[in-house]
Structures are given as structure tokens and as C-alpha cells.
Amino acid sequence: MSGGVVAKEHESVSRKGSSTTRRILVTLNGSPVVGSSVARLLAAIGAGALEAGGALSSFECNTLTVKPCQACGPEPTTGFCIFHDDMDAIYAALQGAHAIAVGSPIYFDGVSAQLKLVMDRCNCITPLVRLEGGGYGFRPLWARTRRGVFVTALSTKHRYDLAERSVRGFLKWVGARWEETLAWQHDDEEPGSVVTRPDLIERARAIGRRLIESDLLSV
Ligand SMILES: Cc1cc2nc3c(=O)[nH]c(=O)nc-3n(C[C@H](O)[C@H](O)[C@H](O)COP(=O)(O)O)c2cc1C
């Protein structure tokens, strides 16, 4: 088991003043670059969530110890996974999440490897199981009530729909519904260049506020 601290947690008391009613936004950052555009957009979403009275649990995928999924199902374990590494904290955070914001740069039309490792290991939140009458089916471990968003950064000449599709599938698998994507498409090579677009940063803040202010989805 990895001994590292994997989540940065920021807490603020909810509007009702009770820590038990805090709504938690979980952010997963797939960019390895410190101060990257994706990191800045996720930070703005997080700031909006805190402004709205929520709490924040932020994960930097690049710093985690995460073994790749071995596709060992069905039912190889009664837990989430046969491996115990930094994913244990992610599973707990996703289960307790009110909403989820996933961020990744576009790498060869997809999400970063750092985020993909985490996404694949979440396959067993909706595990493949043997059905009583025979055959196989998927059985979600919890209800699909969370709202989810994707933030990304890429060139103006390329596309993000393939990565978005992948993230939407992931969100479904972890009990969330994708609602929107915030994309910073740029021609420059400057890390963090989204700072030149305060309108996008403000839009990210508004998304964070909305995610916390909105009730869970009904199933
Ligand atoms: C391995 C690698 C693959 C990349 N592939 C693409 C790509 O397919 N399309 C694209 O538009 N940009 C690609 N890029 C550029 C990044 O997506 C772009 O610089 C992005 O803004 C980085 O975001 P970040 O600084 O927030 O991490 C790639 C960069 C790297 C390092």
C-alpha cells in the first residue's frame, strides 16, 4: 500500500453551519504540469465550490501510485479492487462525492495516461458480476446521482470529443452524469496560458458554484 497523502482537502462550513451537510466536490487532475491550464481551471472550479459552501477533495493523478487495471473480473474481490494503492482514497472520495470535476490535457486525442490509470481502475465501481440465471451483467455499487464535468486544454487545430467520450463513460461508471465540458483551445505553447482568458476562469468558478448549489440528481 502506498503511504503518500493523495488528496488535498479544503473544507468550509456549509451555509447551514453544519459539517454533516457539507457537499463535497471531488476533482481529478490528469495534467502533470504544475500551474497548467487544466490545473488552473480545476482550481477555479474548486474555488467556486468553496464559495458556495462546499468542501473540496482534490487529487493530482501524476503524484499517485496507481497500478494499471488487470481486467480480472468478474467478482475477483469483495472490495473495489484486488490492488490496494492510492486508489483506495479515490474510491472513498468518489463514493462520498456530491459532484465530480475531471480535468485532463489532450494527449494524442485522448486523456493523459495519468488520468487513464485512475479511470480504468474505477471499472469495478460498476463491476461485472455473474447473474443468478447465468450470464454476466454490470451492477453499480451506488446510485448515479452525482453531477460531473470535464475540463480540458488542447490546440485549436485538434479535437477533444474522443477524450470527452471517454470521460463521460468514466463518469457514468462512478455514479455521475456528465453535464458540460469546458475546453481551453489555444495556439500558444505557454503552460497555464488560460490565465489570458479571465472569462473562462470565471466560467469555471460558476461551474463550481453550480455543482455545489445543485441538488443530487434523482434516479
Ligand atoms: C504527449 C502529448 C500529447 C499531446 N497530444 C495532443 C493532441 O493530440 N492534441 C492537442 O491538441 N494537443 C496535444 N498535446 C498538447 C497539449 O494537449 C496542450 O499543450 C495542452 O494545453 C496541455 O494542457 P495542460 O498544460 O493544462 O496540461 C499533447 C501534449 C503532449 C505532452
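Under 28 Å from Asp199 (Cβ atoms) and of a type in the set (D, E, K, R), is that true of Glu75?
The answer is no for Glu75.
May I ask you to say which residue of Asp120, Asp109 is within 16 Å of the ligand (Cβ to nearest atom) and out of contact with any Ser or Thr (no Cβ under 6 Å at 6 or more places or on another chain)? Show your work before the answer.
Values: Asp120 fails: within 16 Å of the ligand (Cβ to nearest atom).
Just one listed residue meets the conditions, Asp109.
Looking only at region 171-195, which residues are free of Cβ contacts under 8 Å to residues at least 40 places away in the same chain and closer than 16 Å to Val151 by Cβ?
Trp178, Glu179, Glu180, Thr181, Ala183, Gln185
Scanning for something modelled with pLDDT of 95 or more, of a type in the set (A, V, I, L, M, F, W, C), in contact with a helix residue (DSSP H, G or I) (Cβ under 9 Å, 6 or more places away or on another chain) and over 17 Å from Leu115 (Cβ atoms), does region 59-70 turn up at least one residue? Walk me through it before giving the result.
Kept after step one, since they are modelled with pLDDT of 95 or more, are these residues of region 59-70: 59-70.
Okay, now just the ones that are also of a type in the set (A, V, I, L, M, F, W, C), so 59, 61, 64, 66, 69.
With the extra rule that they be in contact with a helix residue (DSSP H, G or I) (Cβ under 9 Å, 6 or more places away or on another chain), the set shrinks to 59, 61, 64, 66, 69.
Filter once more, keeping what is over 17 Å from Leu115 (Cβ atoms): none.
No, because not a single residue in region 59-70 is modelled with pLDDT of 95 or more, of a type in the set (A, V, I, L, M, F, W, C), in contact with a helix residue (DSSP H, G or I) (Cβ under 9 Å, 6 or more places away or on another chain) and over 17 Å from Leu115 (Cβ atoms).
Does Glu213 satisfy being under 14 Å from Ile45 (Cβ atoms), among the charged types (D, E, K, R) and in contact (Cβ under 8 Å) with a residue 40 or more places away in the chain?
Against the criterion (under 14 Å from Ile45 (Cβ atoms), among the charged types (D, E, K, R) and in contact (Cβ under 8 Å) with a residue 40 or more places away in the chain), Glu213 qualifies.
With in contact with a strand residue (DSSP E or B) (Cβ under 8 Å, 6 or more places away or on another chain), closer than 18 Å to Pro105 by Cβ and more than 16 Å from the ligand (Cβ to nearest atom) as the only criterion, which of Arg146, Arg177, Arg168 stands out?
On the way: Arg146 fails: closer than 18 Å to Pro105 by Cβ; Arg177 fails: closer than 18 Å to Pro105 by Cβ.
Sole residue among the options that is in contact with a strand residue (DSSP E or B) (Cβ under 8 Å, 6 or more places away or on another chain), closer than 18 Å to Pro105 by Cβ and more than 16 Å from the ligand (Cβ to nearest atom): Arg168.
Restricting attention to region 50-62, which residues are within 19 Å of Ile90 (Cα to Cα) and out of contact with any Pro (no Cβ under 9 Å at 6 or more places or on another chain)?
Within region 50-62, Gly54, Ala55, Leu56, Ser57, Ser58, Phe59 qualify.
Find all pairs meeting these conditions: Cβ atoms under 8 angstrom apart; at least six residues apart or on different chains; first residue within region 60-80 and closer than 30 Å to Gly135 by Cα; second residue among the acidic types (Asp, Glu) and not in a loop (DSSP other than H, G, I, E, B).
Pro68/Asp120; Cys69/Asp120; Phe80/Asp88
Give all pairs with beta carbons closer than 8 Å in which a residue from region 101-112 that is closer than 11 Å to Arg159 by Cα and in contact (Cβ under 8 Å) with a residue 24 or more places away in the chain meets a residue that is within 8 Å of the ligand (Cβ to nearest atom) and charged (D, E, K, R); count only pairs at least 6 apart in sequence or on separate chains.
Ile106/Arg159; Asp109/Arg159
Residue by residue, here is whether (1) of a type outside the set (S, T, N, Q); (2) surrounded by 15 or more Cβ atoms within 10 Å (Cβ to Cβ); (3) at pLDDT below 95; (4) under 29 Å from Gly35 (Cα atoms) holds:
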position	(1), (2), (3), (4)
Arg144	yes, yes, no, no
Arg147	yes, yes, no, yes
Val151	yes, yes, no, yes
Leu162	yes, no, no, yes
Arg168	yes, yes, no, yes
Ala183	yes, yes, no, yes
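The values are calculated or read from the model by the stated rules, or taken from the named source; none is laboratory data. Computed from a predicted structure; not experimentally measured. When we count neighbours, we look across all protein chains shown, and the Cβ atoms used for this are built from the backbone with ideal geometry, even at glycine.
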